[in-house]
Amino acid sequence: MAISQEWWDRWWDKDYSWDGLAKKDWRGWIVPEDGVPVPAADGVEGRQATLQDYWRRAGVAGDVERPEFQCPKTGRRFTRVHLPLTFRDGSQTLKGAEDDAFGRDVNATLSAVLSDEVIETKFDDVARIEGADHRLQWQGAIIGDFDLNKLSTLSRLDCERIPISINAHLAAFFGETQFRQADFLGDADFSYAAFGMYVTFEKASFHTNARFHYAIFSGESHFTDSIFSEWAIFNNSIFLGHALFNRVAFAKFCSFHSAVFWRQAIFGAAAFSEGVSFQSTAFLEIANFSKAVFFGDANFSGEGRSLTSERVDQSIALSSQAGDTGVALEGRLTGEPAALSIARRSVKRFNAKGAMFLGPADFSNRDILNGPSTNESDFHGAHFFHIFKLHGSVLHRGINFGSTNVKLAVERGKTKARFLPVPDALKAGLENLKRAIPEKPQQPAGDAPEWQKEQYVREAAKWSAVYEGDIEAFQKWRQAEALAFKRGPRGDRIEYFRALEDCYRTLKLFNEDRRDRVEEGRFHRLELIARRRRGRPKYTTLQQLAFWQEKEGISLRERIMSRIYGGASNYGNSVARPLVCLIIGMFLFALAYMMMGDWFIYAPNWKHFGEAMAFSLGQVLPFGPWDAPDPCTAIGQMLDPLTGPAQAACKQHLGDGFEHRLYINGTPIGLRLLASLQSLSAIILVFLSGLAIRRRFQIN
């Protein structure tokens with residue numbers, strides 16, 4: 001696939017002709033009087049070296065004298081490495097004509113440059129070069145088929161990586177490009193580079209920052225099994241072909257902010273140690289993150305509708321009609337939302353099957369569609385250990401949230417093993433991440449910034465697990481994080497559970513729209529648990545006494561009722577639990593009735609338990625054989641104390657089996673109140689069981 005004219009226009013504007021190279025500094029190098037560039041050092045005098053000096057040292061200065069290397073229109077002269085495919089007037093160059101002899105000359109030059117000893121370029125904390133820049137100065141280079149394995153002559157074993165240190169800013173690789181098993185030392189800069197065909201960085205190792213922002217990948221791009229030990233920046237990059245990042249390990253922050261994936265973006269089983277940003281990234285086909293592990297923040301947020309609606313593709317159609325007095329024009333201006341801006345919100349298919357989200361996951365302002373019938377969006381088996389946001393998002397009805405473990409987020413702050421599971425995908429992510437940095441981070445020096453020391457102390461157990469394979473240490477780190485959250489500022493916990501409550505509510509409403517009552521009930525339960533755990537800010541005694549002032553947060557009364565609701569019916573989702581509670585309640589109330597008649601006044605007499613049980617059943621089932629208790633029984637006498645004639649009638653009827661009882665004042669009303677409470681609780685429990693049946697069988 002050809003490189004776009006827009007990219008070529010930018011390249012011409014930057015001017016990588018022979019004279020243009022003289023205007024671009026070769027940082028950290030000077031040219032003494034003898035004309036041989038050397039690294040800048042104290043006591044060495046000379047002028048600032050330029051890229052022209054770099055390529056003069058490479059032996060291509062004579063190219064500028066050849067007429068076929070000069071642009072007829074602009075007069076610019078080029079080296080064989082920087083010669084474009086066509087000149088400004090459109091005429092084809094030797095490189096564009098794919099001249100075999102010329103191609104061999106270019107490869108010989110590149111091979112000679114690659115044979116130099118690779119010296120790592122040092123950078124400070126803000127990515128500024130310290131000392132001399134020892135990277136390959138391939139800025140603006142125009143390169144055809146490139147295979148590092150064939151061109152590099154550095155001695156190495158077959159199983160070893162190929163060392164290289166390169167700056168290919170605004171370079172064009174218009175043929176097949178292979179950096180397989182490359183070992184990048186120093187910042188690898190491919191910013192604004194263009195790859196015209198297939199390109200592979202498979203099993204490559206980036207030891208320091210990797211810069212691919214604004215890069216264009218016209219064909220398939222393969223980063224499978226590569227590792228990024230420092231920052232990886234792909235902001236605003238464009239992938240026109242399939243992009244494969246399977247099993248890639250990102251040890252530090254990586255960003256694909258505003259990148260565009262026109263075909264499949266596959267990050268299967270990738271490991272992201274710190275934060276990752278896919279904010280406003282356009283996924284025009286499939287975004288596959290199955291079994292990926294996110295140890296830090298995962299930002300997949302898109303653009304708000306107000307932004308996408310303002311971006312339109314406008315067109316105007318005019319027609320004319322000649323008349324006696326002139327020409328009349330009429331037309332129509334039409335506008336449609338720009339496809340790319342909409343894509344920064346929409347995702348045709350998002351696959352996170354089996355993915356692990358240990359940090360916050362933000363899917364706000366996204367329209368997650370369903371894709372083809374055989375290729376639906378899928379979160380099956382994903383684990384969310386932290387908050388996940390869906391604010392302003394639209395979810396297609398066909399999205400699969402089956403077996404998605406979203407409960408772990410609401411259990412944050414708990415340290416028991418069942419709240420901190422280690423699925424196989426998480427173990428694989430730890431092993432994958434271990435490749436990114438071969439050595440365990442060392443404790444910062446005494447003069448290091450305080451934030452580095454604090455970060456090391458906080459993550460020491462985590463790195464121990466990553467680089468020593470100690471799962472127990474990793475679990476201890478997770479437990480320490482949970483305790484820090486539990487004992488941290490109350491306001492942080494309130495905001496966390498407030499946001500989590502909103503997320504569960506969004507998923508509840510999503511399943512309500514799907515008429516999936518079971519899933520709706522599941523997220524309704526989690527919503528109420530998050531609301532209960534949110535609590536309220538801490539108030540002083542005087543503030544609590546000011547009952548006329550509205551208090552923020554969830555009151556203690558509501559939290560207690562929420563616990564009772566959850567315990568009795570699993571928040572309206574269990575059919576059997578309310579009935580079990582009802583049966584247990586019948587025995588407990590029967591025991592209470594018997595205790596009122598025996599243990600509180602008289603010696604225990606278990607023969608009256610049957611009477612109490614019958615009375616208890618009568619409060620739950622006020623129909624059938626459960627009549628009012630006999631006035632002569634203990635329960636009957638508690639309800640209505642016997643008078644003289646009634647007492648005589650009972651004695652005559654029961655004989656020696658009659659036992660007259662006297663109770664303290666208030667016993668009848670107390671028994672009736674307790675019985676009314678049982679009847680009310682029975683009605684509520686039966687209602688909750690019916691509600692669960694309605695949800696389970698989707699009865700409207």
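The values are calculated or read from the model by the stated rules, or taken from the named source; none is laboratory data. Since we're looking at a predicted model, the values are computed, not measured. When we count neighbours, we look across all protein chains shown, and the Cβ atoms used for this are built from the backbone with ideal geometry, even at glycine.
Answer yes or no as to whether Phe474 is closer than 20 Å to Phe385 by Cβ and within 20 Å of the chain's Cα centre (by Cα). When the stated conditions are applied, Phe474 does not pass them. Return a yes/no flag: does segment 431-450 have any residue that is in contact with a Ser or Thr (Cβ under 7 Å, 6 or more places away or on another chain), closer than 19 Å to Lys291 by Cβ, in contact (Cβ under 8 Å) with a residue 12 or more places away in the chain and crowded, with 17+ Cβ neighbours inside 10 Å. Yes, that holds for at least one residue.
Looking only at residues in segment 99-128 that are closer than 17 Å to Phe206 by Cα and of a type in the set (A, V, I, L, M, F, W, C), the one that is nearest to the chain's Cα centre (by Cα) is Ala127.
Restricting Asp145, Asp225, Asp189, Asp183 to those that are of a type in the set (Asp, Glu), within 24 Å of Phe78 (Cα to Cα) and touching a Lys or Arg at 6+ places or on another chain (Cβ under 8 Å) reduces the list to Asp189.
Here's the yes/no breakdown for (1) at pLDDT below 85; (2) out of contact with any strand residue (DSSP E or B) (no Cβ under 7 Å at 6 or more places or on another chain):
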site	(1), (2)
Arg332	yes, no
Leu340	yes, no
Arg344	yes, no
Phe350	no, no
Pro372	yes, yes
Asp378	yes, no
His386	no, no
Gly392	yes, yes
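If we only count helices (runs of 4 or more DSSP H) wholly inside segment 494-611, which ones have 1 or more residues that are more than 40 Å from the chain's Cα centre (by Cα) and modelled with pLDDT under 85? Break it down stepwise before answering.
Values: elements: 517-534, 541-545, 556-569, 576-597.
Ranges flagged: 541-545, 576-597.
In segment 182-215, how many are of a type in the set (A, V, I, L, M) and surrounded by fewer than 22 Cβ atoms within 10 Å (Cβ to Cβ)? Final tally of qualifying residues: 2. Each residue in segment 512-538 was checked for being under 12 Å from Val406 (Cβ atoms) and touching a residue at least 40 places away in the same chain (Cβ under 8 Å), and 7 pass. Within the set Pro438, Pro444, Pro421, the sole residue that is modelled with pLDDT of 80 or more, out of contact with any helix residue (DSSP H, G or I) (no Cβ under 6 Å at 6 or more places or on another chain) and not in a helix (DSSP H, G or I) turns out to be Pro421. Condition test on Arg56, is it over 26 Å from Asp116 (Cβ atoms), in a helix (DSSP H, G or I) and either among the hydroxyl-bearing types (Ser, Thr, Tyr) or under 51 Å from the mean Cα position of the chain (by Cα) (or both)? For Arg56, the condition - over 26 Å from Asp116 (Cβ atoms), in a helix (DSSP H, G or I) and either among the hydroxyl-bearing types (Ser, Thr, Tyr) or under 51 Å from the mean Cα position of the chain (by Cα) (or both) - is not met.
If you go through segment 8-38 and keep only what is surrounded by 19 or more Cβ atoms within 10 Å (Cβ to Cβ) and of a type in the set (Phe, Trp, Tyr), you end up with Trp11, Tyr16, Trp18, Trp26, Trp29.
Just to verify a result, which residue in segment 246-263, among those that are polar (S, T, N, Q) and modelled with pLDDT of 95 or more, is nearest to Phe234 (Cα to Cα)?
Ser255
In segment 235-290, the residue that is surrounded by the fewest Cβ atoms within 10 Å (Cβ to Cβ) out of those that are within 20 Å of Asp378 (Cα to Cα) and hydroxyl-bearing (Ser, Thr, Tyr) is Ser290. Filtering segment 356-410 to residues that are basic (Lys, Arg) and part of a loop (DSSP other than H, G, I, E, B) leaves Arg366, Arg397.
Selection within segment 39-53: residues that are modelled with pLDDT of 90 or more and more than 45 Å from the chain's Cα centre (by Cα). The member of this set that is surrounded by the most Cβ atoms within 10 Å (Cβ to Cβ) is Ala49.
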